[in-house]
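Peer 1: Questions regarding the structure given below will be posed in turn.
Coordinate-derived values only; no laboratory data. Just so it is clear, the model here is predicted, and its values are computed rather than measured. A quick note on method: Cβ atoms are made from the backbone with ideal geometry, for glycine too, and the neighbour counts reach across all protein chains shown.
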Amino acid sequence: MPTGPPVFDGQRLRQARFAVAAVFCVHGAVTGSFATRIPWIQDHAALSAGQLGLALAFPAIGASVAMPLAGAISHRFGARTALRGLLALWTLSLTLPALAPNLVTLCLALFVYGATSGMSDVAMNALGVEIENRLDKSIMSSLHGMWSTGALLGSAGGTLAAHMDSDARVHHLIAATVLTVTGMVACRWVLDLRSTPEDEPPPRFALPPKSALLIGGVGFCAVFAEGASLDWSAVYLEDVLDTSPGLAAASTTAFALTMAIARLLGDRIVDRFGAVRCVRVGGVSATLGGALVVFAPNPLVAMGGFALVGLGVAVVVPLAFAAAGRSGPNPSQAIAGVATITYTSGLIAPSAIGAVADATSLVASFGLVTVLAFGLVLGASVLRTGDRRTAPAAGAGTDAGAGTAQPVPSVPDGLKSPSGD
C-alpha cells in the first residue's frame, strides 16, 4: 500500500495555529519584559550611555550568528522538539542580562539572549508558514500581531515592576518561569514535523538564496521605518515640535498599539487583496506618513504621520517571512536569511537616524525614513514569490498512518510528520 506525508484535518490545523500564536505571544513577552528594565540593568552594571549602546548591539550579533543553525536543529530533532527546546532557552535567557555586573558579562549575556531569540524566531516562523500553507489562507500577519501583543503585555508587566522599584533579577526570574511554562504547554500542540531518512540535512551555515535577499530588502525597508519610528518618535516630537514629554511618550505607545492592531487584522485584508497589493498600498501609506512627519507644523500632524507609518509597515515583515518560506526548497534557510537582514535593519536604524541627525537634522533623518518607505512601493512585487500551496480540505484525510497517500504541501527542509501526528 502506498504511503506518503500525512493529511492534517481542519481541527488539528486550527489547534496548531492557536499553539503557534501562543508561542509568538510568549516570544514577544520576553522582549517586552527585557526592554522595560534596561535602565535598571544599566545602573546595575554601572554603564555609560555609550557602553550601553555597545552592549545592546550584541543581541542582533548573536541572532545573526545563530539563526542559520535553526534549520539544522529542526532537521535533527523535529520541528516540535526543536521549537520547545529553543523557546525554553530563549525564555530562560531573560534572566541573564540582569545578573551581569559589568560591560563584558552583559555583552556575553546579551549575545546568548540574541542567539536564542533568533533561533526560536526562525523555528516558530517556519512552523507558522507551514500551517499557513496547509490552511491555504494568510495567518502570518495575525501571528506577528500576537508577538506585538506579547511585547505589550511584557512591557506592561515590566512597567509595573519598575514602578514598584522591584529588583530586575527577581522580576525576570518570575517572568522567565511563567513564560517558560506557558511556552512548553503551547508547544504541545504544534505540528511535529520530522525529517525522513532519505532527506539530506540542511547546511549548518549557508548564504541565503538570492530570492531571500530580495525579500529581505523589502523587510529591511519596513523594519528600518518601524525601528526609527519606535525609537525616535518621542524624541522627534520633543526636540523638533516642542511637545511635552508625556504626550511624546504616549505617541510611542500609540504607534506600537497601532502596529499590533493592524497585524491582528491584517490577514483578512491580505487574503482579499494579496500580498503584493497590500505591501504596495502600505508603502504609499508609510511614505505619506513619513512626509507628514517631515513637514508637520504641529505635534498632532506628526503623530498622524507616525500612525500612517505604523499602518503601512505593519504587515510587511510577516508577509516577507511567508514569501521566504515559499521561495525555494529550504524554507528555514530562506526564513533565516530574511530574519538576519531584518535583524540587521533593526540594529542599524536607531544609530543611523542619530548619525544623520548629528550631521544634518532629525527632520532630515525622517526624510531618509520616507525614502526607504517608498522602497516598499518599488519592491512589493518580490513578495509574489510562490503561491500558497493548496492544503486538503478539513476532513479530506487523516493523520499519518491513515493508509492511502494524499497530495499535501511540501514541508520545510524535508520535514515530515511522524506517525500519529
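Peer 1: Calculated from DSSP H runs of 4 or more alone, at -39500 (n - 2.57) each and per residue, what is the 222 nm mean residue ellipticity of the chain, nearest 500? Mind showing how you got there, number by number?
Peer 2: On the way: 17 runs with 307 residues, N = 421.
It comes out at -24500 deg cm²/dmol, rounded to the nearest 500.
Peer 1: Right, another one. Treating segment 7-195 as a set of equal point scatterers at the Cα positions, no solvent, please give the Debye-formula log₁₀ I(q)/I(0) at q = 0.10, 0.12 Å⁻¹.
Peer 2: One equal scatterer on each Cα of segment 7-195 leads to -0.40, -0.57.
Peer 1: Right, another one. Could you list TRP90, TRP189 so that the one with the fewest beta carbons within 10 Å of its beta carbon is first and the one with the most is last? Please list the in-between numbers first.
Peer 2: Working: TRP90 29, TRP189 19.
The order, fewest Cβ neighbours first, is TRP189, TRP90.
Peer 1: Within 10 Å of each residue's Cβ, count the other Cβ atoms and sort THR252, THR159 from fewest upward.
Peer 2: Numbers: THR252 18, THR159 13.
With the sparsest Cβ surroundings first, the list reads THR159, THR252.
Peer 1: Which order, highest average first, do 133-139, 280-286 follow once you tally other Cβ atoms within 10 Å for each residue and take the mean per peptide? Mind showing how you got there, number by number?
Peer 2: Numbers: 133-139: 20.1, 280-286: 22.7.
The most tightly packed comes first, giving 280-286, 133-139.
Peer 1: For each of LEU99, LEU191, count neighbouring Cβ atoms within 10 Å of the residue's Cβ, then give the residues from fewest to most.
Peer 2: LEU99, LEU191
Peer 1: Arrange the peptides 33-42, 368-377 so that the one whose residues have, on average, the most other Cβ atoms within 10 Å appears first. List each step's numbers first, then the result.
Peer 2: Numbers: 33-42: 19.8, 368-377: 21.7.
For the peptides 33-42, 368-377, the packing ranking is 368-377, 33-42.
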